[in-house]
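J.: Here it is, the structure, as structure tokens.
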């Protein structure tokens, strides 16, 4: 096998496929990247069996073939090459010589016969903007569970109908949901994609209006982004029926400037994190929201003007859970809905229903 290609093209493609590179795998072949000739040029493939990525770049072949090269080493070698064209020459014994300008590197390859093929995915298929999908993932996956005792919660639920898509994550203490109107498939889809895999997918998506194609089977999801294919294994099991835990009524409704609330909580967190409970307390009194925290080190009180409907209320939260939600928002104003000091707080837009975040409070006996 012998071919040449542009260094920048190769480096960019390696940075994409290496997101699926296995680390310390019991199957050493999975720690490699498959390079093979195809009609379009050079195809690079990487998989850890949970996630597989392949992409194609232009290349000129003198001799066609395929080889598996050590993934981490190959990425580092190519990253440090000078610009221009790079030539690969693979011998019958899988010894690979890489030449670029005055640089020469030799790497021993692996027999590609044992390298697994990416699964075929057939099922409901549709397209959406890359930037929209990236945004939906980025603004929900912070609520994915890290506790492996309930594996299904370590992923995001994707619910897709012919006109709507929802991405939902929850960990038992908070819930994050984003919703977008799309031109979806005729057959409804409900699938759970693992959090680590979703993070890698989001990094591959561009923040643009360019389309990404999604196809779901019972066990996998496939994304097609230009010349790149991503195949991810879905998590098995039944996701929590989250709709049943979303309050449809409220006793107190507060409209607040997001930046003002963020600043107040950010300052209060300096004291809250010094205590054992990491709590921040909200006291709604007419048109004023008091944000307080205290610890053995000291205390903080912040007052914010708000628009209130309903009853006054005092409620406490783990400051990190509220902060995570505010980081995921970009609206100038947000709405917070409450029922009692032991019921979840719902954070949603002042108009529309494009997102919803739910945070469980912490019971405090002097509330």
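J.: Can you spot a residue in the range 161-171 that is closer than 19 Å to residue 48 by Cβ and without any contact (Cβ under 8 Å) to a residue 40 or more places away in the chain? Spell out how you get there, then give the answer.
T.: Pass one, the range 161-171, residues closer than 19 Å to residue 48 by Cβ: none.
No, the range 161-171 contains no residue that is closer than 19 Å to residue 48 by Cβ and without any contact (Cβ under 8 Å) to a residue 40 or more places away in the chain.
J.: List the number of the failed condition for residue 57; all other conditions in (1) over 31 Å from the mean Cα position of the chain (by Cα); (2) in contact (Cβ under 8 Å) with a residue 40 or more places away in the chain hold.
T.: Here residue 57 meets the rest and fails (1).
J.: While we're on this one: Specify the residue that is farthest from residue 50 (Cα to Cα); the eligible residues are those in the range 219-268 that are out of contact with any strand residue (DSSP E or B) (no Cβ under 9 Å at 6 or more places or on another chain) and in a helix (DSSP H, G or I).
T.: Ranking the candidates gives 259 first.
J.: Out of everything in the range 331-359 that is touching a helix residue (DSSP H, G or I) at 6+ places or on another chain (Cβ under 8 Å) and assigned to a loop (DSSP other than H, G, I, E, B), what residue ends up being nearest to residue 280 (Cα to Cα)?
T.: If we take residues in the range 331-359 being touching a helix residue (DSSP H, G or I) at 6+ places or on another chain (Cβ under 8 Å) and assigned to a loop (DSSP other than H, G, I, E, B), then 344 is nearest to residue 280 (Cα to Cα).
J.: I want to confirm something. Restricting to the range 85-114 and keeping residues that are within 34 Å of the chain's Cα centre (by Cα) and assigned to a loop (DSSP other than H, G, I, E, B), which single residue is surrounded by the most Cβ atoms within 10 Å (Cβ to Cβ)?
T.: Taking the candidates together, the pick is 109.
J.: Among 193, 197, which is modelled with pLDDT under 95, surrounded by 20 or more Cβ atoms within 10 Å (Cβ to Cβ) and under 20 Å from the mean Cα position of the chain (by Cα)?
T.: 197
J.: Would you say residue 43 is over 19 Å from residue 109 (Cβ atoms) and either touching a residue at least 12 places away in the same chain (Cβ under 8 Å) or not in a strand (DSSP E or B) (or both)?
T.: Judged against the criteria, residue 43 is not a match.
J.: Taking the range 31-54 only, how many residues are under 17 Å from residue 116 (Cβ atoms) and surrounded by fewer than 22 Cβ atoms within 10 Å (Cβ to Cβ)?
T.: Of the residues in the range 31-54, 6 are under 17 Å from residue 116 (Cβ atoms) and surrounded by fewer than 22 Cβ atoms within 10 Å (Cβ to Cβ).
J.: For the range 210-252, what are the residues that are within 23 Å of residue 19 (Cβ to Cβ), touching a helix residue (DSSP H, G or I) at 6+ places or on another chain (Cβ under 6 Å) and surrounded by fewer than 16 Cβ atoms within 10 Å (Cβ to Cβ)?
T.: 210
J.: Looking only at the range 174-188, filter to residues that are within 19 Å of the chain's Cα centre (by Cα) and surrounded by fewer than 22 Cβ atoms within 10 Å (Cβ to Cβ); which one of those is nearest to residue 325 (Cα to Cα)?
T.: Across the range 174-188, the extreme among qualifying residues is 179.
J.: Name the residues in the range 144-181 that are farther than 21 Å from residue 347 by Cα, touching a helix residue (DSSP H, G or I) at 6+ places or on another chain (Cβ under 8 Å) and modelled with pLDDT of 95 or more, would you?
T.: If the condition is that a residue be farther than 21 Å from residue 347 by Cα, touching a helix residue (DSSP H, G or I) at 6+ places or on another chain (Cβ under 8 Å) and modelled with pLDDT of 95 or more, then 154, 155 are the ones that fit.
J.: Restricting to the range 2-28, name every residue that is outside any strand (DSSP E or B), over 17 Å from residue 228 (Cα atoms) and modelled with pLDDT of 95 or more.
T.: Within the range 2-28, just 7 meets the criteria.
J.: If you check residue 324 against the conditions, is it in contact (Cβ under 8 Å) with a residue 60 or more places away in the chain, in contact with a helix residue (DSSP H, G or I) (Cβ under 6 Å, 6 or more places away or on another chain) and assigned by TED's automatic domain parsing to the domain that holds residue 255?
T.: Yes.
J.: If you don't mind, another one. Consider residue 237 carefully, then state whether it is assigned by TED's automatic domain parsing to the domain that holds residue 197, more than 19 Å from residue 358 (Cα to Cα) and at pLDDT below 95. Spell out the reasoning first.
T.: Details: assigned by TED's automatic domain parsing to the domain that holds residue 197: yes; more than 19 Å from residue 358 (Cα to Cα): yes; at pLDDT below 95: yes.
Spelling it out, residue 237 is indeed assigned by TED's automatic domain parsing to the domain that holds residue 197, more than 19 Å from residue 358 (Cα to Cα) and at pLDDT below 95.
J.: Still on this structure: With respect to the numbered conditions (1) touching a residue at least 24 places away in the same chain (Cβ under 8 Å); (2) in contact with a helix residue (DSSP H, G or I) (Cβ under 6 Å, 6 or more places away or on another chain), which one is the sole condition not fulfilled by residue 85?
T.: Failed condition: (2).
Quick grid of which residues meet (1) assigned by TED's automatic domain parsing to the domain that holds residue 254; (2) closer than 20 Å to residue 170 by Cα; (3) more than 33 Å from the chain's Cα centre (by Cα):
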site	(1), (2), (3)
278	yes, no, no
290	yes, no, yes
294	yes, no, yes
311	yes, no, yes
340	yes, no, no
348	yes, yes, no
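J.: Here's a follow-up. Somewhere in the range 63-75, is a residue in contact (Cβ under 8 Å) with a residue 60 or more places away in the chain, assigned to a helix (DSSP H, G or I) and either farther than 23 Å from residue 194 by Cα or not assigned by TED's automatic domain parsing to the domain that holds residue 228 (or both)?
T.: Yes: the range 63-75 contains one or more residues that are in contact (Cβ under 8 Å) with a residue 60 or more places away in the chain, assigned to a helix (DSSP H, G or I) and either farther than 23 Å from residue 194 by Cα or not assigned by TED's automatic domain parsing to the domain that holds residue 228 (or both).
The values are calculated or read from the model by the stated rules, or taken from the named source; none is laboratory data. Note that the coordinates shown come from a computational prediction; the quantities given were computed from them, not determined experimentally. Note: ideal-geometry Cβ built from the backbone for every residue, glycine included; neighbour counts use all protein chains shown.
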